[in-house]
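Taken together, the values in this text are just the output of simple stated rules run on the coordinates, not laboratory data. Source: prediction; values computed, not measured. Note: ideal-geometry Cβ built from the backbone for every residue, glycine included; neighbour counts use all protein chains shown.
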Amino acid sequence: MAITSVPQHIAESGPNSRPAGAPSRQPHRRTVGWWIRRPLLWITLIAFSIAFLYPLVWLLSASLKTRGEVFDNRLIPQTFNWSNIATVWAHLPLLHWLGNSVYIALLAAGFVTISSSLVAFGFAYFRFPFRNALFGLVLGTMMLPGAVTMIPTYLIWKDLHLLGTTVPLWGANLFGSAFYIFLQRQFFLGLPRELFEAARIDGCSYFGLFRRIAIPLSIPSFVIVFIFEFQASWNNLQNPLIYLNYGSAKDYTVPLGISYAMQLYNPQTGGEGDYQYVMMAALIVTLPMLIIFAFGQRYFIEGIATQGRKG
């Protein structure tokens, strides 16, 4: 077979060649505006970072100071009083406070994550009459202030004879949360419906769709909900004050414990003004939340980015 000659313009073409008449690629030139905007962006980010980190740095500094230097606003103490750590552990039942708060926060976060995801999956996958109206009703509950439902909720737990226990602090999470239902529904709506239909053809049950497809593909949403609720329960002071009857300081949660420490060292209530111990206690009980966020940061940022791409 004779080999025909290849045209010159084809022979010269290659993976890096450009069509005839196409504009040549010029290196990207950074304009004057870019050089102005870039430093401003970095300055803004650094300023906000300092503003958010300053309270934590101040807390760390105050916790290592002596009594007379706690409120001098120095970020580097003149005298490092490392004995504050041992004194706080000796005088305050921090380990009990941490244990009580971890127990309550894990139950609250775990239950609300599971229950909210089940409801959210129902709203995202199933097609039934008045679905949007019911979902709007769920979102409408977010408009009710907590003070409106405080007394009815208290009466419900009283009729159930659960006052004085930890159940009211996590029991309501068995029924989900409107905000978390909305958040996870948005994740589930972004999953390809063809995956669920194919699984249904293969005989997968509805709960199997949730367990085998929805959960593995929506891990960031579960992590976000868990972190949010864990933090909300960890910092909750109002509900423990309402529902728990404490016999001793060992039964306190973290927020109540810090409040107890403030009263213990307050000069107006018989203390000596050793607020450096209060600062050290506050720093110690803050560490679990920092650790949880550090471990869940990857999923947290991934979840926020996913929601942003969905618009």
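Treating the beta-carbon of each Lys and Arg as +1 and of each Asp and Glu as -1, no other charges, what is the dipole magnitude of the range 161-307 about its Cα centre, to the nearest 20 debye?
With only Lys, Arg, Asp and Glu charged at Cβ, the dipole is about 400 debye.
Just to be sure I follow the definition: excluding the sites themselves, where is the longest run in the chain that has none of the GluC sites (Glu not before Pro) in a DSSP loop with at most 13 other Cβ atoms within 10 Å? Present the calculation step by step, with values, prior to reporting the outcome.
Values: sites that count: E12, E272.
Segment 13-271 is the longest.
Under the rule of at least 5 residues apart or a separate chain, name every residue whose amide H is placed under 5 Å from the amide H of G271.
N266
Around Q78, what is the net charge, scoring Lys/Arg as +1 and Asp/Glu as -1 over all other residues with Cβ under 10 Å from its Cβ?
Residues near Q78 contribute 0 overall.
Length gain on complete extension for the stretch F80 to L160, per 0.36 nm per residue less the alpha carbon to alpha carbon distance?
23.6 nm is the gain from fully extending F80 to L160.
Quick check on the exposure proxy: order W157, W89, W35 from fewest to most C-beta atoms within 10 angstrom.
W35, W89, W157
Could you tell me how many degrees, from 0 to 90 and to the nearest 10, lie between the Cα long axis of helix 178-189 and the main elongation axis, the longest principal axis, of the Cα atoms of the chain?
20
As a check on your grasp of the helix formula, calculate [θ] at 222 nm for the chain: sum -39500 (n - 2.57) over DSSP H runs of n ≥ 4, divide by the residue count, round to the nearest 500.
The helix-only estimate for the chain comes to -21000 deg cm²/dmol at 222 nm.
Please determine, in degrees from 0 to 90 and to the nearest 10, the orientation of helix 32-63 with respect to the longest principal axis defined by the Cα atoms of the chain, where the helix direction is its Cα long axis.
For helix 32-63, the angle is close to 20 degrees.
Let me have the relative contact order for the chain, percent, based on Cα pairs under 8 Å that are six or more residues apart.
26 percent.
Could you tell me how many degrees, from 0 to 90 and to the nearest 10, lie between the Cα long axis of helix 254-265 and the main elongation axis, the longest principal axis, of the Cα atoms of the chain?
Between the helix axis and the principal axis of the chain, the angle is about 40 degrees.
When the chain is modelled as a GNM with alpha-carbon springs shorter than 10 Å, which of Y275, Y54, Y125 fluctuates the most?
With Cα springs under 10 Å in the chain, the top fluctuation among Y275, Y54, Y125 is at Y54.
Over the range 33-81, what is the relative contact order in whole percent, taking alpha-carbon pairs under 8 Å and six or more residues apart? Don't skip to the answer; put the middle values down first.
Details: 27 pairs, mean separation 13.5, N = 49.
Relative contact order, the range 33-81: 28 percent.
Here are some values of mean projected area of the Cα convex hull in nm²: (i) 29.4; (ii) 15.7; (iii) 31.8. Which one was computed from this structure?
After the calculation, the listed value that fits is (iii).
Assign unit charges at the C-beta atoms only (+1 for Lys and Arg, -1 for Asp and Glu), then state the dipole size of the chain relative to its Cα centre in Debye, rounded to the nearest 20.
1160
Could you calculate the FRET efficiency of A198 with V148 from 1/(1 + (r/R0)^6), where r is the beta carbon distance between them and R0 is 41 Å, rounded to 0.05?
The value I calculate is 0.35.
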